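This report refers to the structure that appears directly beneath it.
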Amino acid sequence: MSIYDIVTTEFGHRRNMNVDRFTRRAAAHLARQGRGFVDDPDNPDPAALTRWKAAIAAREMAARKVRARQQYMTALFAEAHEVLDHAMSGQTPPPRPRDEREAETARVLAQIRDEICAAHGIETGDLTGHRRARGLTVARQECMWRMREETDASLPQIGRALGGRDHTTVLYGLKCHAERMAAGKQGAGA
């Protein structure tokens, strides 16, 4: 039995390895070959033991990386399978947030959108739709302004939250709402 076989036996078939047992087996194996790093298998040389423990730690780290890569690939294939299922059924897949922070931002943007709809007495579909009636555009521009002021969302994120609008449309909406606010303050001060 070679050192490779001992390591494979200990790591490949068992997750919880007994380091002391492994060290004794490896020491005995090397002693049998006449090139042992110890005189007594029950009392290994400290330097050699350190080398063995480093080799064990390196092997465990490599195994953790492989498991993490396998989990990532499994999740990736599951997501691709879900997207293909949606495509085959003619549906569009639901949007996937990139991380928890983006999911939280999307939740806050939806909350602001719902508050604006309630304040103006309009439906969410009207706010995110393509209609350009004066009341809808004013509410939409106010929503853009609140989303920009109250969150750290980017212009493209705000546009996506309002029905997939371009970031330049969001810029224009912010400008129009700022002008409307400035005109309202001047009118109140005069």
Q. Right, I112: surrounded by 12 or more Cβ atoms within 10 Å (Cβ to Cβ), modelled with pLDDT of 85 or more and not in a helix (DSSP H, G or I) or not?
A. no
Q. Going by the conditions given, is R140 at pLDDT 95 or above and either assigned to a helix (DSSP H, G or I) or surrounded by 14 or more Cβ atoms within 10 Å (Cβ to Cβ) (or both)?
A. yes
Q | E79 within 22 Å of the chain's Cα centre (by Cα), among the acidic types (D, E) and at pLDDT 85 or above | A | no
Q: Please name all residue pairs, on different chains or six or more residues apart, with Cβ atoms under 8 Å, provided the first residue is in the stretch 98-124 and is assigned by TED's automatic domain parsing to the domain that holds R160 and the second residue is assigned to a loop (DSSP other than H, G, I, E, B) and among the polar types (S, T, N, Q).
A: T105/T151; V108/T151; L109/T151; I112/T151
**Q.** Members of the stretch 165-184 found to be of a type outside the set (A, V, I, L, M, F, W, C) and part of a helix (DSSP H, G or I), listed by number
**A.** H167, T168, T169, Y172, G173, K175, H177, E179, R180, G184
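The values are calculated or read from the model by the stated rules, or taken from the named source; none is laboratory data. All of these numbers come straight from a predicted model, not from anything done at the bench. FYI the Cβ positions are ideal-geometry reconstructions off the backbone, even for glycines, and counts take in every protein chain you see.
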